[in-house]
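Student: Dropping the structure in here first, questions after.
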Amino acid sequence: MPRTLIVSNRLPTKVQRTDDGLTFQPSEGGLATGLGSIYRQGDNLWIGWPGLFVHDEPEEEHIRTQLKADNMAPVFLTENEIRDYYEGFSNSTLWPTFHYFSELATYEQSHWEAYVAVNEKFCAAVLAQAGPEDTIWVHDYQLLLLPEMLRKARPEAAIGFFLHIPFPSQELIRVLPWRNELLRGMLGADLIGFHTFGYLRHFLSAVSHLLGLSAQNGQIDTPTRSVRVDAFPMGIDYERYAQAAASAATRAHMDEYKEALRDTRIILSIDRLDYTKGIAQRLRAFDSLLQRYPEWRGQVSLVMLVVPSRDQVAQYATLKEEIDNLVGRINSQYRTIGWNPILYFYRSLPLEELAALYRLAEVALVTPMRDGMNLVAKEFIASKLDQRGVLILSERAGAARELSDALLINPTDINQLVEAMHEALVMPEDEQIARMTAMQALVKRYNVFSWTKLFMNQLAYTKIKQHTLATE
Ligand code: F6P
């Protein structure tokens, strides 16, 4: 029976070492939920890093057995591999380049070598599991070389690849010393998916300029095979957020927060700590709002949740300091005994607490400098049971291509951001409801389950077409 193997850098389960031994916690991420309908079925499998460094073989075996029971197979990585492949090439070379922060990118040969070696390690792990008929779906920028490595070993296999971050203009890609190897790596897949048509167009242009390959009607012809490319905007598990928002636990949190905030109006911002998210720019804009519209002082608070991330990478640590300083300065300037301008949390929160914040917030500020999609925007929408609330969304997030009823802003234009916050705070209720209702219909329909189905169907169709052409 053919199976589907999902491959990503991280597994959807996080294994942690505690005083009481190892713990296995399911990841709450959107990808894990969306692909749950695939990898949990039958003998299907998810292959990836379990998130910790193993001490010895018995521990490795224990983790392997536990994960196997839940249709997962671990790829164990060493501390050096995480330093050079994950923190190094993935997050200090590819991540800044693909998000238009080339000035932050480093180009270390040793990081590249580790990236190749870890992609090979993943390749061996997949080949140890995959039968000739199995479908393999590779995810994201940490594994750009894997499709080609798999293709060499399994010329006939059905291989899909999805990029979860932006694909930038070829002018940025061409800066990378290893650009051709990376593009060829991706082209090992039969189907390559992006969040938007814009990213897809950039990819086609890179492939044509740098590899000299022609691309027409969503198809790239390589000397040996043709590869399909398409846009698949990723969605969320809408019902999960809508149900969490309606739960008694969420209502209890809302009552508690309302009492503590004494009916202060809330602007909400939720992100992983990352320079791509525009967190510092957002803080400066909030500062300007309080300057330009003093009537909001004492009336509106910015609730800002920053989820710790990649803290071993230098730029992330610097950004953390910048945010701490900005929050400290703004709060000390405007705070009164009864009012805090910014309520800043540096941690992650459980779903019901998040849902309470989504429901209470009158405005959500989703203003990244660059973002592949941004699912927080969609989670905010799904949680708005009364359709009241305004989404301010960066035009440089993939989600902006779908959510045209948000207030779309250019995140570097602080003036525009200030005016958008003011406009959101005074927006009549009927306009809020009209915009939110339209966005809810879209986010509900194009959810993570339809996203998964669409990609898998398209991959199956691509294989059938290849087969028909080969036998004609
Ligand atoms: O947005 C790309 C992505 O890899 C997501 O898939 C993931 O949730 C996020 O970045 C954080 O990734 P990590 O903590 O594994 O570096």
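Student: Check Phe53 against each of (1) over 19 Å from Ala125 (Cα atoms); (2) of a type in the set (A, V, I, L, M, F, W, C); (3) surrounded by fewer than 18 Cβ atoms within 10 Å (Cβ to Cβ) and name the one condition it does not meet.
Tutor: Failing condition for Phe53: (1).
Student: Out of Lys258, Lys277, which single residue is basic (Lys, Arg) and within 16 Å of the ligand (Cβ to nearest atom)?
Tutor: The match here is Lys277.
Student: Of the residues Ala189, Ala260, Ala246, which single one is exposed (fewer than 14 other Cβ atoms within 10 Å of the Cβ) and under 27 Å from the mean Cα position of the chain (by Cα)?
Tutor: Ala246
Student: Which residues, taken from the stretch 78-107, are within 12 Å of the ligand (Cβ to nearest atom) and outside any helix (DSSP H, G or I)?
Tutor: Within the stretch 78-107, His99 is the sole residue that qualifies.
Student: Does the stretch 1-27 hold any residues that are assigned to a strand (DSSP E or B), of a type in the set (S, T, N, Q) and either under 25 Å from the mean Cα position of the chain (by Cα) or within 16 Å of the ligand (Cβ to nearest atom) (or both), and which are they?
Tutor: Thr4, Ser8, Asn9, Thr13, Gln16, Thr23, Gln25
Student: Within the stretch 161-180, how many residues turn out to be within 16 Å of the ligand (Cβ to nearest atom) and in a loop (DSSP other than H, G, I, E, B)?
Tutor: Residues that pass the stated criteria total 6.
Student: Across the stretch 218-243, which residue is farthest from Met439 (Cα to Cα) among those that are surrounded by fewer than 22 Cβ atoms within 10 Å (Cβ to Cβ) and among the small types (Gly, Ala, Ser)?
Tutor: Ser226
Student: In the stretch 340-435, which strands (runs of 3 or more DSSP E) lie fully inside it and hold 3 or more residues that are surrounded by 24 or more Cβ atoms within 10 Å (Cβ to Cβ)?
Tutor: Where strands (runs of 3 or more DSSP E) fall fully within the stretch 340-435 and carry at least 3 residues being surrounded by 24 or more Cβ atoms within 10 Å (Cβ to Cβ), they are 363-366, 390-394.
Student: For the stretch 185-207, indicate whether the set of residues that are over 28 Å from Leu375 (Cβ atoms), away from the ligand (no atom under 16 Å from the Cβ), in contact with a Phe, Trp or Tyr (Cβ under 8 Å, 6 or more places away or on another chain) and of a type outside the set (Ser, Thr, Tyr) is non-empty.
Tutor: No; the residues of the stretch 185-207 include none that is over 28 Å from Leu375 (Cβ atoms), away from the ligand (no atom under 16 Å from the Cβ), in contact with a Phe, Trp or Tyr (Cβ under 8 Å, 6 or more places away or on another chain) and of a type outside the set (Ser, Thr, Tyr).
Student: Quickly run through the stretch 145-160 and pick out the residues that are under 25 Å from the mean Cα position of the chain (by Cα) and either assigned to a helix (DSSP H, G or I) or within 14 Å of the ligand (Cβ to nearest atom) (or both).
Tutor: Scanning the stretch 145-160 gives Leu146, Pro147, Glu148, Met149, Leu150.
Student: Sticking with this structure for a sec: Name every residue in the stretch 318-337 that is hydrophobic (A, V, I, L, M, F, W, C), away from the ligand (no atom under 16 Å from the Cβ) and surrounded by 13 or more Cβ atoms within 10 Å (Cβ to Cβ), in order of residue number.
Tutor: Ile323, Leu326, Val327, Ile330
Student: Here is a further query. Just one of (1) out of contact with any Asp or Glu (no Cβ under 7 Å at 6 or more places or on another chain); (2) among the hydroxyl-bearing types (Ser, Thr, Tyr); (3) modelled with pLDDT of 95 or more trips up Ser348, so point out which.
Tutor: Every condition holds for Ser348 apart from (3).
Student: In the set Ser269, Ser309, Ser301, which member is within 16 Å of the ligand (Cβ to nearest atom) and surrounded by 15 or more Cβ atoms within 10 Å (Cβ to Cβ)?
Tutor: Of the residues listed, the single one that is within 16 Å of the ligand (Cβ to nearest atom) and surrounded by 15 or more Cβ atoms within 10 Å (Cβ to Cβ) is Ser309.
Student: All but one of (1) within 16 Å of the ligand (Cβ to nearest atom); (2) under 20 Å from Ile414 (Cα atoms) hold for Gln315; state the number of the condition that does not hold.
Tutor: For Gln315, the exception is condition (2).
Student: To continue, here is another question. Does Ala206 count as closer than 14 Å to Arg184 by Cβ and either crowded, with 21+ Cβ neighbours inside 10 Å or not aromatic (Phe, Trp, Tyr) (or both)?
Tutor: Against the criterion (closer than 14 Å to Arg184 by Cβ and either crowded, with 21+ Cβ neighbours inside 10 Å or not aromatic (Phe, Trp, Tyr) (or both)), Ala206 qualifies.
Student: OK, next. Among the residues of the stretch 28-60, which ones are out of contact with any Lys or Arg (no Cβ under 9 Å at 6 or more places or on another chain), within 14 Å of the ligand (Cβ to nearest atom) and part of a loop (DSSP other than H, G, I, E, B)?
Tutor: Within the stretch 28-60, Glu28 is the sole residue that qualifies.
Student: Only one of Ala314, Ala244 is modelled with pLDDT of 95 or more and among the small types (Gly, Ala, Ser). Can you tell me which?
Tutor: None of the other options fit; the residue is Ala244.
Student: Determine whether the stretch 125-135 contains at least one residue that is within 17 Å of Leu187 (Cα to Cα) and within 16 Å of the ligand (Cβ to nearest atom).
Tutor: No, the stretch 125-135 has no match at all.
The values are calculated or read from the model by the stated rules, or taken from the named source; none is laboratory data. Values in this document were obtained by computation on a predicted structure and should not be read as measured data. Using ideal geometry, Cβ is built from the backbone for each residue, glycine included, and neighbour counts are taken over all protein chains shown.
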